[in-house]
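Trainee: Just dropping this structure here.
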Amino acid sequence: MQLIAKQYYTPEEYLELEATADYKSEYIDGQIIPMAGASINHNRITGNFSAALNFAFKQQDKYEVFNSDMRLWIPQRLIYTYPDVIIIADEPEFFNNRTDTITNPQVIIEVLSKSTKSYDREDKFAAYRTIPTFQEYLLIDQNRIHGEQFSKTGKKRWNLREYDEEDENISLETVSFEISLQDLYNKVKFPHIKSAVENSTS
């Protein structure tokens, strides 16, 4: 991630700039950080996940799904960010009556890229854990079949489950929902990795 400037911006200044910007940026404790464009695999995975969630919740009023156009405010860390997919229980709670910024996610799903995967696993997860309503976190790799699911089991207690086989299903712990890795990775094309034989002949 790259800072657009080394000066400090207030949250209000960030929101004013974001309203007219040509691209989305995150705000982290005074710094504005442009977000890189998503790859085609990233879009396929988030689209597959969002479509399956919306279909599952079609007849339910309890849950609602939002994609990365919805901004999230994390007050304890002074962060504005755009998670890839958010599940909210009951009604969304908007920050300062802004209908583009919510504060009460229950489940957050992030699709990992090479440039953001360490941040998503560590600092961003730590920030998300300060949100009282946050109960479950999914990290999906876009370059191989692999997912990490963190579910809250108590105060400062989180359980980890990993998925890495195409015939497995991801089952959310805090929401009644299940999706197969085959459906999640539908139409996703993984980058070709040269074998030792290919490397020796190239």
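The values are calculated or read from the model by the stated rules, or taken from the named source; none is laboratory data. This is a predicted model, so every value here is computed, not measured. Quick reminder, even Gly has a Cβ in these numbers, built from the backbone with ideal geometry, and neighbours come from all protein chains shown. In case anyone asks, the SASA skips ligands and DNA or RNA and just uses the protein heavy atoms, side chains included. Shrake-Rupley method; radii C 1.70, N 1.55, O 1.52, S 1.80 Å.
Trainee: Take segment 85-101 and flag every residue that is within 18 Å of Ser25 (Cα to Cα) and open to solvent by less than 20 Å² (accessible area, probe 1.4 Å).
Mentor: The answer is Val85, Ile86, Thr101.
Trainee: A follow-up question, please. For segment 137-165, how many residues are surrounded by fewer than 17 Cβ atoms within 10 Å (Cβ to Cβ) and either outside any strand (DSSP E or B) or of a type in the set (Ser, Thr, Tyr) (or both)?
Mentor: Selection size over segment 137-165: 8.
Trainee: Out of (1) open to solvent by less than 20 Å² (accessible area, probe 1.4 Å); (2) without any contact (Cβ under 8 Å) to a residue 12 or more places away in the chain; (3) of a type in the set (Phe, Trp, Tyr), the odd one out for Phe55 is which?
Mentor: (1)
Trainee: Which of (1) open to solvent by 80 Å² or more (accessible area, probe 1.4 Å); (2) modelled with pLDDT of 95 or more is the odd one out, the single condition Tyr27 does not satisfy?
Mentor: Result: Tyr27 passes all but (1).
Trainee: Does Phe134 fit the bill of being assigned to a helix (DSSP H, G or I), closer than 30 Å to Leu15 by Cα and at pLDDT 95 or above?
Mentor: It is false that Phe134 is assigned to a helix (DSSP H, G or I), closer than 30 Å to Leu15 by Cα and at pLDDT 95 or above.
Trainee: For Ala38, state whether it is in a loop (DSSP other than H, G, I, E, B), small (Gly, Ala, Ser) and under 25 Å from Phe190 (Cα atoms).
Mentor: yes
Trainee: Hey, any hits in segment 58-70 for a residue that's open to solvent by less than 10 Å² (accessible area, probe 1.4 Å) and either at pLDDT 95 or above or under 15 Å from the mean Cα position of the chain (by Cα) (or both)?
Mentor: no
Trainee: Still on this structure: If you take the residues of segment 102-133 that are of a type in the set (Ser, Thr, Tyr) and touching a residue at least 40 places away in the same chain (Cβ under 8 Å), which of them is least open to solvent (accessible area, probe 1.4 Å)?
Mentor: Quick first cut of segment 102-133, residues of a type in the set (Ser, Thr, Tyr) only: 103, 113, 115-116, 118-119, 128, 130, 133.
Those still in the list that are touching a residue at least 40 places away in the same chain (Cβ under 8 Å) too: 113, 115-116, 119, 128, 130, 133.
Values: Ser113: 29, Ser115: 87, Thr116: 35, Tyr119: 39, Tyr128: 0, Thr130: 28, Thr133: 51 Å².
Looking at the filtered set, the residue picked out is Tyr128.
Trainee: Ok, one more. List pairs: first in segment 20-43 and without any contact (Cβ under 8 Å) to a residue 60 or more places away in the chain and of a type in the set (Phe, Trp, Tyr), second open to solvent by less than 50 Å² (accessible area, probe 1.4 Å) and in a strand (DSSP E or B), Cβ under 7 Å, 6+ apart or cross-chain?
Mentor: Tyr23/Pro34; Tyr27/Ile79; Tyr27/Tyr80
Trainee: Still on this structure, please answer the following. What residue, among those in segment 61-105 that are assigned to a strand (DSSP E or B) and among the polar types (S, T, N, Q), is farthest from Thr20 (Cα to Cα)? First the steps, then the outcome.
Mentor: Filtering segment 61-105 for residues assigned to a strand (DSSP E or B) gives 63-67, 71-74, 79-81, 85-89, 94, 101-102.
When the remaining residues are screened for being among the polar types (S, T, N, Q), the result is 67, 81, 101.
Values: Asn67: 20, Thr81: 17, Thr101: 16 Å.
So the residue we want is Asn67.
Trainee: Something else about it: For segment 147-190, what are the residues that are of a type in the set (Val, Ile, Thr) and within 14 Å of Asn48 (Cα to Cα)?
Mentor: Ile170, Ile179, Val188
Trainee: Go over the candidates Lys156, Lys152 one by one and state the one that is on the phi > 0 side of the Ramachandran plot and more than 14 Å from the chain's Cα centre (by Cα).
Mentor: Lys156
Trainee: Is segment 109-126 home to any residue that is of a type in the set (A, V, I, L, M, F, W, C), under 22 Å from Phe150 (Cα atoms) and part of a helix (DSSP H, G or I)?
Mentor: yes
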